[in-house]
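Colleague: Supplied in structure tokens, the structure appears directly below.
The values are calculated or read from the model by the stated rules, or taken from the named source; none is laboratory data. Because the structure is a prediction, the values reported are computed rather than measured. All Cβ positions, even for glycine, are placed from backbone atoms using ideal geometry, and neighbour counts span all protein chains on display.
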């Protein structure tokens, strides 16, 4: 059976019309329509309020929902739903992403949304929580964006389905585009604008209001460069100047880094500010990759110590032997700690995308603001005129209220009453209707006084608004004053440091590793170790005194060398110089409060102390040691490099080292001072050098019940002094002690192992020396806490008695150890 065809013949009057369209023309037209839609409706901000449509709709809808800063928070999902359903027919993810960014203080210089909950972290290392968990409301500054929007200040247009109306732009009481910046990728063009400081932008805008012909150089005195929410440092301002002139330019942002002592042994780079939109996780990940691939050396550890109290704090520990400044330069070059920002000031002006410089951006905003204030003033004047019209009509009625009541009562209906009142009192329709609607309780004498006061106030306000509308100068003053109020309320200090030139670090390349340069290793009287930057001699005793300025021992060394620390137990412990903290170079005496305790570098026993430092130079005359029981020893300089601990003397039970010094020339005098006030001085040449295992020889003859109090080596070619303090075994009170300072040349040389001569005569109640020292002059004294202490006047008598001691003295040292 044949199938019947379902095709129907065209009607007789049908005229076939086929249009031949070039596919190239169709594609071009369709693409341009799509491109314009993206540019105008999605990707580029308006130069007037600095917002893309999605941001403008979020702010406007939050204003319509009455989410004021003084109201409670609502779920972000609710705001997103209202915006999507009424104004923005796109996915909820894009709306929420825009809302999140408006709440991030590290993305916006002046956030527009007050967020409650997890709104993400710097660099998006920690993404924001879902919108069902987070809450939001308008920020304090956001009300300025919608201020007076209900006073016919901006135009409105229908929404996507014609059921709602939305503003074409917001009134914007401050230059939001410059303050918060913008970024977006359209079709064939893009925008990327950095944030700026509100106070600086307002100052430039006010200057342009007063001087419309101001040039760019003048405006840049107020706005020298971007001010990023995350701070940092902008290096090189030529790109910024190009951007402000032409709308396009590039600048570099560097992290803010300081070199600090992160541990007693190590220095570190402490990062407190990162480049815009760079998070700490990104930096840490990059550093770890570089270290594992051996492209970066000198980093011991990286720690993220960021918290809410102290803000960003990224600590990069530097290995000993590496220069932190040189390592920082490598980090700038290899990691996101230095980023480039390309400025592309593309924004919509009258619906057209234009590339604008700084002056053009300010001019577009100010023109918009002039229009807003003009329309607002016109709206307010109209409102006040309408109100004045009604008040004047009511006052006319109150002057003859009895006649008004008679006319109303004698009328057949309200329409007749209205007509008779209009004719009798020459009132307008609006005035008459207002009188009829006014309750009788408003017709008292007091209300009349109120109405007269309101009339006078309305007349004054109308005159003021008329003055603003009739004078361009007054209009500019109003805009300038409002901008000044905004800056005073919401302005904050600049966060980003601007650095002219191409580098924030030294122009001369710094070697990565610390050079093996000469230095000096210092031991303070309070047991702190440190090294100086150079091997220069220490300052003279008359230099400015600082805490911990008494240096008990100092030896020359090199930065990558070793020195020895001699302990009271007769041990010599090797110390790596590079591990010691380096003191800053100052014109005054070294401040050893920047040193580190010896316990950080040496494992000492409970009752063991460090007596002195020594070089490990085997060509030196050797080390001279004096013990509590009167033994003296010159140690042959034999220090094997493969041993970190050596025994330099064999001590008897109950004995310990009380003093020691490395001999410089071998011509020094060795000086013993005992507790019974005897001083013995003889040449070091009288002591034969011995190996490390030897126990030494008799150094001083001790009376029964006495001990050695002090042992030092003194250069006889220099002026020297002897300082002694006498006291009693039965008291520890400093006020009962006497002290004496005597020239060293008053004491003659005697033979080794003799008793010496008396150095202080005891007064009544004194029977022992409690402190003694002999060394080069002038001497420097310190208290137990390391602070400086004064010495008594010199006494030329070697066996004289002391003078009362007014303060504690715990340590002495010569001027240049």
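Colleague: Only one residue in 751, 765, 755, 699 is surrounded by fewer than 16 Cβ atoms within 10 Å (Cβ to Cβ), more than 59 Å from the chain's Cα centre (by Cα) and closer than 27 Å to residue 651 by Cβ. Which one?
Modeller: Sole residue among the options that is surrounded by fewer than 16 Cβ atoms within 10 Å (Cβ to Cβ), more than 59 Å from the chain's Cα centre (by Cα) and closer than 27 Å to residue 651 by Cβ: 751.
Colleague: Let me ask you something else. Got a number for residues in the range 243-254 being buried (at least 21 other Cβ atoms within 10 Å of the Cβ) and closer than 12 Å to residue 498 by Cα?
Modeller: The qualifying residues number 3.
Colleague: While we're looking at this one, here's another question. Take residue 762 and decide whether it is at negative phi and in a strand (DSSP E or B).
Modeller: It is false that residue 762 is at negative phi and in a strand (DSSP E or B).
Colleague: Would you confirm whether any residue within the range 735-757 is at pLDDT below 90 and not in a loop (DSSP other than H, G, I, E, B)?
Modeller: Yes: the range 735-757 contains one or more residues that are at pLDDT below 90 and not in a loop (DSSP other than H, G, I, E, B).
Colleague: Might you check whether a residue that is in the same structural domain as residue 551 (by TED's automatic domain parsing) and within 30 Å of residue 260 (Cα to Cα) occurs anywhere in the range 643-653?
Modeller: yes
Colleague: Out of curiosity, is residue 727 touching a helix residue (DSSP H, G or I) at 6+ places or on another chain (Cβ under 6 Å) and crowded, with 16+ Cβ neighbours inside 10 Å? Spell out how you get there, then give the answer.
Modeller: Working: touching a helix residue (DSSP H, G or I) at 6+ places or on another chain (Cβ under 6 Å): no; crowded, with 16+ Cβ neighbours inside 10 Å: yes.
No.
Colleague: Residues being assigned to a loop (DSSP other than H, G, I, E, B) and touching a residue at least 40 places away in the same chain (Cβ under 8 Å): count how many of those fall in the range 768-783.
Modeller: 3
Colleague: Ok, one more. With the checklist (1) more than 51 Å from the chain's Cα centre (by Cα); (2) free of Cβ contacts under 8 Å to residues at least 40 places away in the same chain; (3) assigned to a helix (DSSP H, G or I) in hand, flag the one item residue 391 doesn't pass.
Modeller: The number of the failed condition is (2).
Colleague: Just for helices (runs of 4 or more DSSP H) wholly inside the range 20-124: which have at least 2 residues that are crowded, with 16+ Cβ neighbours inside 10 Å and touching a strand residue (DSSP E or B) at 6+ places or on another chain (Cβ under 8 Å)?
Modeller: Ranges flagged: 53-64, 76-86, 92-103.
Colleague: Report yes if residue 285 is out of contact with any helix residue (DSSP H, G or I) (no Cβ under 9 Å at 6 or more places or on another chain) and more than 23 Å from residue 121 (Cα to Cα), otherwise no. I'd like the intermediate steps shown before the answer.
Modeller: Numbers: out of contact with any helix residue (DSSP H, G or I) (no Cβ under 9 Å at 6 or more places or on another chain): yes; more than 23 Å from residue 121 (Cα to Cα): no.
Against the criterion (out of contact with any helix residue (DSSP H, G or I) (no Cβ under 9 Å at 6 or more places or on another chain) and more than 23 Å from residue 121 (Cα to Cα)), residue 285 does not qualify.
Colleague: Considering only the range 636-677, give the strands (runs of 3 or more DSSP E) lying wholly within it that have at least 2 residues that are closer than 23 Å to residue 603 by Cβ.
Modeller: Details: elements: 645-647, 657-662, 669-674.
The qualifying strands (runs of 3 or more DSSP E) are 645-647, 657-662.
Colleague: Tell me yes or no: at least one residue of the range 336-353 is surrounded by 19 or more Cβ atoms within 10 Å (Cβ to Cβ) and in a helix (DSSP H, G or I).
Modeller: No, every residue in the range 336-353 fails to be surrounded by 19 or more Cβ atoms within 10 Å (Cβ to Cβ) and in a helix (DSSP H, G or I).
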